[in-house]
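See below for the structure under consideration.
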Amino acid sequence: MGQEKRELAAELAAVLAFSAIRNNDRVGLIIFTDKVERFVPAKKGKKHVLRVISEILSYEPLSPHTNLGLGLDFLGRIARRRAVAFLVSDFLAPPEQYERSLRIAARRHDLVPVAVTDPLEEQLPQVGLLEVQDPESGEVVVFDTSGPEGKVFADTSRAAREAREGLFRRLSLDAIAVRTDRPYLPALTSFFEARARRLRH
């Protein structure tokens, strides 16, 4: 059974923060839902990074809603100098809701989207009637996974993923894609190796 998305996102963020200790980089943290819930200004030092990791792993969201644009706009206000910023999210919101903020942030910073996905969000198993709850709205829907609703769900999810990936390509962003049913280290390793190769040339 794959990890919950939120657990995986927290573990990824902690690993990325910990990797900064080796490079003696400044590390900060913004955790947001539809409002900024945690903010730790960027600093250097092992003690500071461990505090950031503790904040990540102990965090419990106050709101079930998400506003990617709000988080990106906050980054623009507090980070005056160009920085490497990892944006860890499931990116389920339609791209048009955050495209403008993403475009502005990508011009100012080295922005790396880290898309955390659950394969069940793209292809439901054919198990007949299934009750599904939207985590943000709380709405509960019952539909037949073996019928036309299941195909519509899969087609809609695939179109959303393609729209998101298309936006990342248009903005020339180096995105990282991880899934709850697969180890994430290969994706991180490939990302950092590819960046290292580019920097050498």
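The values are calculated or read from the model by the stated rules, or taken from the named source; none is laboratory data. Since the structure is predicted, the reported quantities are computational estimates derived from the model, not experimental observations. Cβ placement follows ideal geometry from the backbone for every residue including glycine, while neighbour counts extend to all protein chains displayed.
Assigned to a helix (DSSP H, G or I) and under 25 Å from Pro119 (Cα atoms): does that describe Ala106? For Ala106, the condition - assigned to a helix (DSSP H, G or I) and under 25 Å from Pro119 (Cα atoms) - is not met. Report yes if Asp25 is surrounded by fewer than 19 Cβ atoms within 10 Å (Cβ to Cβ), modelled with pLDDT under 95 and among the charged types (D, E, K, R), otherwise no. Criteria met by Asp25. Residues in segment 174-199 that are touching a strand residue (DSSP E or B) at 6+ places or on another chain (Cβ under 7 Å) and of a type in the set (Phe, Trp, Tyr) were compared, and the one that is surrounded by the most Cβ atoms within 10 Å (Cβ to Cβ) is Tyr184. Scanning segment 119-142 turns up no residue that is of a type in the set (S, T, N, Q), surrounded by 14 or more Cβ atoms within 10 Å (Cβ to Cβ) and either modelled with pLDDT of 80 or more or in contact with a strand residue (DSSP E or B) (Cβ under 8 Å, 6 or more places away or on another chain) (or both). Among the residues of this structure, Arg77 counts as one that is surrounded by fewer than 17 Cβ atoms within 10 Å (Cβ to Cβ) and out of contact with any strand residue (DSSP E or B) (no Cβ under 7 Å at 6 or more places or on another chain). Take the residues in segment 48-92 that are part of a loop (DSSP other than H, G, I, E, B) and among the hydroxyl-bearing types (Ser, Thr, Tyr); name whichever of them is nearest to Glu121 (Cα to Cα). Looking at residues that are part of a loop (DSSP other than H, G, I, E, B) and among the hydroxyl-bearing types (Ser, Thr, Tyr), I get Thr66.
Selection within segment 35-50: residues that are crowded, with 16+ Cβ neighbours inside 10 Å and over 20 Å from Arg82 (Cα atoms). The member of this set that is modelled with the highest pLDDT is Val36. Determine whether Phe32 is closer than 19 Å to Leu8 by Cα, modelled with pLDDT of 95 or more and surrounded by 13 or more Cβ atoms within 10 Å (Cβ to Cβ). Yes, satisfied.
Among residues of segment 4-25 that are within 13 Å of Val114 (Cβ to Cβ), those with a Cβ under 7 angstrom from a residue that is charged (D, E, K, R), sequence gap 6+ or separate chain, pair up as Lys5/Asp90; Lys5/Asp118.
Cβ-Cβ distances below 6 Å connect the following pairs, each with a first residue in segment 66-91 that is at pLDDT 95 or above, a second residue that is assigned to a loop (DSSP other than H, G, I, E, B) and small (Gly, Ala, Ser), and a separation of six or more residues or different chains: Leu68/Ala93.
Evaluation of Thr145 against the conditions (1) more than 27 Å from Pro61 (Cα to Cα); (2) touching a Pro at 6+ places or on another chain (Cβ under 8 Å); (3) modelled with pLDDT of 75 or more shows that the sole unmet condition is (3).
Scanning segment 93-103 for residues that are part of a helix (DSSP H, G or I), more than 15 Å from Ser172 (Cβ to Cβ) and touching a residue at least 24 places away in the same chain (Cβ under 8 Å) yields a total of 4.
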